[in-house]
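*Asks:* I have a structure here, written as structure tokens, and I will follow up with some questions on it.
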Amino acid sequence: MNPTAAIETPELPLQIEREGAIVTLRFNRPKALNAVDIPMAQAFLSAVRELSTDKSVRAVVLCGAGRGFMAGGDLATMRANPQQGAAELIGPLHEAITLLAGMDAPLIAQVHGVAAGAGLSLMLQADFIIAAEGTRFSLAYANIGTSCDVGASWALPRLVGLRRALEIAMLGETLTCEEALRLGLVNRVAPPAELDTQVKALAQRLASGPTVAFGRLRRLMRESFGRDLPAQLDAEAQGFLACAGTQDFKTGIDAFFAKQPAQFEGR
């Protein structure tokens with residue numbers, strides 16, 4: 001990607017904006033509260049495929065145009081042919097989430113208005129979530145008679161525990177920002193006028209960090225639930241040794257002894 005590239009055409013279901021090492025993916029169906037349809041899902045996957053091979057990307061931000069982050073999957077897509085329509089939505093979204101999880105670059109969700117269904121599921125995959133005051137959250141799948149997708153059943157129990165996750169999923173109730181913060185579903189809550197500023201500051205901080213080490217940390221934390229302690233210790237040792245061979249590690253050690261802030265290059 002061109003470091004100064006920005007695609008802002010309103011007709012596109014996904015806007016891609018780049019500022020230096022930070023890439024923002026903005027869901028762009030504002031009249032439908034960014035409910036994800038097949039073109040949006042395909043555009044999202046296409047963008048993520050490109051990002052996943054671009055080592056110059058050091059932070060990714062997900063956000064939504066208009067009044068909300070994402071109101072879930074587009075039900076009109078599934079109404080005529082439920083199984084085929086759902087499959088054509090789920091396939092690209094799941095591949096995109098898998099690719100994002102494998103990247104070194106941290107993932108930030110900038111959330112406002114509403115995050116429901118697939119929108120909440122997608123939000124939960126982020127490493128950092130900053131939500132605007134007044135945002136509402138609902139898993140919502142049970143309300144239309146289905147189970148969840150986009151990784152909600154993986155992320156939610158890890159964040160809030162099994163019993164609370166089942167309550168959120170099966171009752172389909174709406175959570176306030178304050179409840180989401182208390183439960184650990186979001187990292188921070190910001191006044192709406194400060195949301196952009198806070199997200200940009202966090203993205204810039206992460207994008208100037210040791211990107212390879214961040215990638216190892218992301219995967220170590222996420223994969224720890226599937227390992228026993230000896231296996232996790234082995235994974236930690238492998239990760240540390242891999243990071244010890246990077247330029248960023250040398251930079252960090254040199255900066256420590258020079259008593260100066262490290263200027264990481266992400267390699």
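*Asks:* What are the residues in the stretch 125-139 that are closer than 16 Å to Ile168 by Cα and of a type in the set (Gly, Ala, Ser), if any?
*Replies:* Ser138
*Asks:* Can you confirm whether Asp104 is crowded, with 18+ Cβ neighbours inside 10 Å, part of a loop (DSSP other than H, G, I, E, B) and assigned by TED's automatic domain parsing to the domain that holds Glu133?
*Replies:* yes
*Asks:* A follow-up question, please. Give the residues of the stretch 226-267 that are aliphatic (A, V, I, L, M) and assigned to a loop (DSSP other than H, G, I, E, B), sorted by residue number.
*Replies:* Hit for the stretch 226-267 is Ala262, nothing else.
*Asks:* Would you be able to tell me the number of residues in the stretch 181-212 that are touching a residue at least 24 places away in the same chain (Cβ under 8 Å), more than 15 Å from Ala21 (Cβ to Cβ) and small (Gly, Ala, Ser)?
*Replies:* So the answer is 2.
*Asks:* So is Thr246 outside the structural domain of Ala126 (by TED's automatic domain parsing) and among the β-branched types (Val, Ile, Thr) or not? Spell out the reasoning first.
*Replies:* On the way: outside the structural domain of Ala126 (by TED's automatic domain parsing): yes; among the β-branched types (Val, Ile, Thr): yes.
Taking the combined requirement at face value, the residue satisfies it.
*Asks:* From the residues in the stretch 241-261 that are in contact (Cβ under 8 Å) with a residue 12 or more places away in the chain and not aliphatic (A, V, I, L, M), which one is surrounded by the fewest Cβ atoms within 10 Å (Cβ to Cβ)?
*Replies:* Restricting attention to the stretch 241-261, the residues satisfying the condition of being in contact (Cβ under 8 Å) with a residue 12 or more places away in the chain are 242-243, 246-249, 251-252.
Checking the rest, the ones that are also not aliphatic (A, V, I, L, M) come to 243, 246-249, 251-252.
Details: Cys243: 18, Thr246: 19, Gln247: 13, Asp248: 20, Phe249: 18, Thr251: 16, Gly252: 17.
It comes out as Gln247.
*Asks:* State all residues of the stretch 141-185 that are part of a helix (DSSP H, G or I), surrounded by 17 or more Cβ atoms within 10 Å (Cβ to Cβ) and of a type in the set (D, E, K, R); if no residue qualifies, say none.
*Replies:* The answer is none; no residue qualifies.
The values are calculated or read from the model by the stated rules, or taken from the named source; none is laboratory data. From a predicted model like this one, the values you see are computed outputs, not experimental measurements. So basically every Cβ, Gly included, is an ideal-geometry build from the backbone, and we count neighbours across all protein chains shown.
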